[in-house]
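Encoded as structure tokens, the structure appears first; notes follow it.
The values are calculated or read from the model by the stated rules, or taken from the named source; none is laboratory data. Bear in mind the structure is a predicted one, so any value in this text is a computation, not a measurement. With ideal geometry, Cβ positions are generated from the backbone for all residues, glycine too; neighbour counts draw on all protein chains shown. Just so you know, the surface numbers come from the protein's heavy atoms only, side chains and all, with ligands and any DNA or RNA stripped out. Shrake-Rupley method; radii C 1.70, N 1.55, O 1.52, S 1.80 Å.
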Amino acid sequence: MRRRRFIHGIAACVAWPLAARAQQQVPVVGFLGNQSPEVYATRLRIFREGLKEAGYVEGENVAIEYRWTGGQSDLLPKLAGELIQLRVALLVVASGTAGAVAAKSATTTIPIVFGVAVDPVKAGLVASLNRPGGNLTGVTNLNVEIGPKRLEVLHALLPTATDFAVLVDPTGPVAEPFVRELQAAARSLGLRLHVLNASSERDFDSVFVRLGQLKAAALIISPSTSFVGRTEQLAALAIRYRVPTISQYRPFAAAGGLISYGTDETEYYRLVGIDTGRILNGEKPAELPVEQSTKVELIINLKTAKTLGIDVPLTLLGRADEVIE
């Protein structure tokens, strides 16, 4: 019962009543997100900035209907269906590949703008990057491709270490390609890579205990929507168990994690917002190329490094886009 009330509560996030919107004759955009608006606060702000660049301001000339899974990905098809039933003008999917697949299954006519960390062609979302061909287009990032770079960063930080580990959500769409690329990088560097699975937060403590048993020097957190909403928890566990850890997004380092290295979310969600505005302005998703967010950022939490007793090499600090002290 409590779960039902929670779902209805987050699903009822609206800018103003639908009847009033109809009278104002503004387009209504559906926004399907993982986790909660609190977790996505920075991303929402950046998305709205991109939307504004394209000429749209929420509450003025566009309305947005939000649906949040609360971290329960099995709700994606249901919530996507709810937004489709509202006859939204466009659907924005900020819930990874699973959300994009759910949205695509729900409609073949309503335009969809996605943000994913996989190749959307291989995932079956679009026919090609240059000409998507259907009712979907969006933005993809480099999370899988730069996975080996995260291992290289840790190796530069701990040059004498030979054993590293990667935390993976085995149910996620990027798990297999991410691990494959990482294992190849480990072999080329002469390192051993241990793969640890966690399909829910209940597995986190046992993963960090296992790290100690394996004597792994550091941990890489793989891209996963299930880990995004647990950023603070994972950062706290990494400090508690004294494990140097790297993740993909800035919030991890900001929450006390040692290092984040990945796509600059400022660029990523801004592009999603701009694409949304372009479609509202009349462009067709079938002809709007999928964009790749290529800007990455390295953020080092020097305070955490000191807590862990790690001296960060000056060469690595020099590469950082931001140092948290």
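The number of residues in the stretch 258-270 being over 11 Å from the mean Cα position of the chain (by Cα) and part of a helix (DSSP H, G or I) comes to 3.
Screening the stretch 242-253 for residues that are farther than 23 Å from residue 69 by Cβ and out of contact with any helix residue (DSSP H, G or I) (no Cβ under 6 Å at 6 or more places or on another chain) and picking the one that is surrounded by the fewest Cβ atoms within 10 Å (Cβ to Cβ) gives 242.
Residues considered: 279, 239. Of these, the only one that is open to solvent by less than 30 Å² (accessible area, probe 1.4 Å) and in a helix (DSSP H, G or I) is 279. Among the residues examined, residue 273 does not qualify as crowded, with 17+ Cβ neighbours inside 10 Å, in a loop (DSSP other than H, G, I, E, B) and in contact with a strand residue (DSSP E or B) (Cβ under 9 Å, 6 or more places away or on another chain).
Annotation for the stretch 150-157: no member residue is among the small types (Gly, Ala, Ser), out of contact with any helix residue (DSSP H, G or I) (no Cβ under 6 Å at 6 or more places or on another chain) and touching a residue at least 12 places away in the same chain (Cβ under 8 Å).
So residue 99 clears everything in (1) closer than 26 Å to residue 284 by Cβ; (2) surrounded by fewer than 23 Cβ atoms within 10 Å (Cβ to Cβ) except one condition, right? Which one? Just one mismatch for residue 99, condition (2). Is it the case that some residue within the stretch 120-130 is open to solvent by less than 20 Å² (accessible area, probe 1.4 Å) and in a strand (DSSP E or B)? Within the stretch 120-130, none of the residues are open to solvent by less than 20 Å² (accessible area, probe 1.4 Å) and in a strand (DSSP E or B). Per the listing 225, 315, the residue uniquely surrounded by fewer than 20 Cβ atoms within 10 Å (Cβ to Cβ), in contact (Cβ under 8 Å) with a residue 60 or more places away in the chain and not hydrophobic (A, V, I, L, M, F, W, C) is 315. If you go through the stretch 142-196 and keep only what is among the polar types (S, T, N, Q), in a loop (DSSP other than H, G, I, E, B) and open to solvent by 10 Å² or more (accessible area, probe 1.4 Å), you end up with 160, 162, 171. Is the stretch 207-220 home to any residue that is under 16 Å from the mean Cα position of the chain (by Cα), aliphatic (A, V, I, L, M) and modelled with pLDDT of 95 or more? Looking through the stretch 207-220, at least one residue is under 16 Å from the mean Cα position of the chain (by Cα), aliphatic (A, V, I, L, M) and modelled with pLDDT of 95 or more.
Of everything listed in (1) surrounded by 21 or more Cβ atoms within 10 Å (Cβ to Cβ); (2) more than 20 Å from residue 139 (Cβ to Cβ), the single unmet condition for residue 92 is (2).
The set of residues in the stretch 1-36 that are modelled with pLDDT of 90 or more and either under 30 Å from residue 263 (Cβ atoms) or in a helix (DSSP H, G or I) (or both) comprises 27, 28, 29, 30, 31, 32, 33. Residues that are surrounded by 13 or more Cβ atoms within 10 Å (Cβ to Cβ) and either in contact (Cβ under 8 Å) with a residue 60 or more places away in the chain or of a type outside the set (Asp, Glu) (or both) were ranked within the stretch 198-215; the one that is farthest from residue 240 (Cα to Cα) is 199.
Mind checking which residues of the stretch 285-305 are touching a Leu at 6+ places or on another chain (Cβ under 7 Å), surrounded by fewer than 20 Cβ atoms within 10 Å (Cβ to Cβ) and in a loop (DSSP other than H, G, I, E, B)? Once the filter is applied, which keeps residues that are touching a Leu at 6+ places or on another chain (Cβ under 7 Å), surrounded by fewer than 20 Cβ atoms within 10 Å (Cβ to Cβ) and in a loop (DSSP other than H, G, I, E, B), the stretch 285-305 yields 289, 294.
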